[in-house]
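The values are calculated or read from the model by the stated rules, or taken from the named source; none is laboratory data. It should be emphasised that the depicted structure is a prediction, and the values quoted were computed from it without experimental measurement. Here Cβ is always computed from backbone atoms with ideal geometry, including for glycine, and neighbour counts include all displayed protein chains.
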């Protein structure tokens with residue numbers, strides 16, 4: 001068997017489709033099929049079950065694919081080790097961040113990272129926590145920026161900062177007169193949240209359970225948005241109020257349109273951290289990223 005054949009079966013297990021897997025591997029579908037048949041003949045077992053609509057691993061195939069993934073990671077480490085002996089800051093660094101962090105962090109740390117590692121190309125992307133976890137596990141990303149907890153085997157996490165939650169509301173809202181707002185006071189408000197799939201939504205509900213634990217007779221709706229920026233615009237239009245991480249609360253609206261008030265609850269915060277595979281050998285690159293983020297991280301100067 002060859003590393004190429006192992007890469008084929010890992011990709012096929014991920015895609016569950018011959019055509020899609022062949023496209024990812026940059027080969028024709030017949031080439032992929034022939035390679036798979038050759039490997040199955042060599043091992044004497046079927047690795048995949050085929051149907052007209054789907055390809056799935058057999059029980060034994062699932063174990064072999066998992067081992068193949070580990071072999072590929074170990075093989076990739078040979079190149080990484082060679083890079084370590086040369087320049088850890090000279091190869092591309094692939095960084096992912098969850099949707100509620102990326103837009104507010106990328107622009108602040110990238111200039112600092114370029115100053116610290118001018119010869120290290122940087123690739124960034126955003127995604128849901130589950131998507132980033134999978135891409136990190138596959139090696140498609142080197143480091144991701146997520147909110148803790150982030151339980152994952154063979155992954156190291158390093159805390160970046162604690163970030164409080166704040167309430168964004170129209171300047172003429174009755175709660176805007178207060179210096180701070182408790183989660184209990186949100187019970188009877190139209191609090192707009194991100195849609196399902198966003199970990200920040202779950203964190204808000206955990207910190208402020210009164211938002212969804214309403215009385216059966218309470219007809220106050222809870223609207224949903226696709227991004228934090230959408231929620232900010234909805235607040236500005238007077239539809240309701242929302243809870244944001246502090247980094248997303250810097251107002252771009254005219255003074256008097258929106259106000260920001262801290263949540264008085266002590267647990268209304270999130271912990272933002274870096275996460276990377278234990279097998280990732282470019283420790284200097286991770287440290288440079290960590291330093292750049294801390295340099296770029298600033299508390300909003302004006303919370304209108």
Of all the residues that make up segment 102-115, how many are more than 25 Å from residue 229 (Cα to Cα) and surrounded by fewer than 18 Cβ atoms within 10 Å (Cβ to Cβ)? 2
On the given criteria, is residue 106 part of a loop (DSSP other than H, G, I, E, B) and in contact with a strand residue (DSSP E or B) (Cβ under 8 Å, 6 or more places away or on another chain)? no
Out of 51, 28, sole residue that is farther than 30 Å from residue 231 by Cβ and touching a helix residue (DSSP H, G or I) at 6+ places or on another chain (Cβ under 7 Å): 28
Residue tally, condition in a strand (DSSP E or B) and at pLDDT below 85, over segment 221-276: 4
Test residue 101 against the criterion of being over 26 Å from residue 260 (Cα atoms), at pLDDT 90 or above and in contact with a helix residue (DSSP H, G or I) (Cβ under 8 Å, 6 or more places away or on another chain), and give yes or no. no
If residue 87 satisfies every condition in (1) part of a helix (DSSP H, G or I); (2) surrounded by fewer than 16 Cβ atoms within 10 Å (Cβ to Cβ) but one, which is the exception? (1)
Do we have residue 53 as over 27 Å from the mean Cα position of the chain (by Cα) and modelled with pLDDT under 85 here? yes
Scan segment 150-163 residue by residue and report those that are crowded, with 17+ Cβ neighbours inside 10 Å and either modelled with pLDDT under 90 or part of a loop (DSSP other than H, G, I, E, B) (or both). 150
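Per-residue answers, yes or no, for (1) at negative phi; (2) surrounded by 15 or more Cβ atoms within 10 Å (Cβ to Cβ); (3) not in a helix (DSSP H, G or I):
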residue	(1), (2), (3)
78	yes, no, no
96	yes, yes, yes
125	yes, yes, yes
136	yes, yes, no
145	yes, yes, yes
175	yes, yes, no
185	yes, yes, no
Being over 33 Å from the mean Cα position of the chain (by Cα) and touching a residue at least 40 places away in the same chain (Cβ under 8 Å) is the filter here; which residues of segment 14-42 pass it? 42
If residue 114 passes every condition in (1) in contact with a helix residue (DSSP H, G or I) (Cβ under 9 Å, 6 or more places away or on another chain); (2) touching a residue at least 40 places away in the same chain (Cβ under 8 Å); (3) part of a helix (DSSP H, G or I) but one, which one does it miss? (2)
What number of residues within segment 198-219 satisfy the criterion of being surrounded by 13 or more Cβ atoms within 10 Å (Cβ to Cβ), modelled with pLDDT under 85 and part of a loop (DSSP other than H, G, I, E, B)? 2
Got a number for residues in segment 279-295 being at pLDDT below 90 and under 19 Å from the mean Cα position of the chain (by Cα)? 1
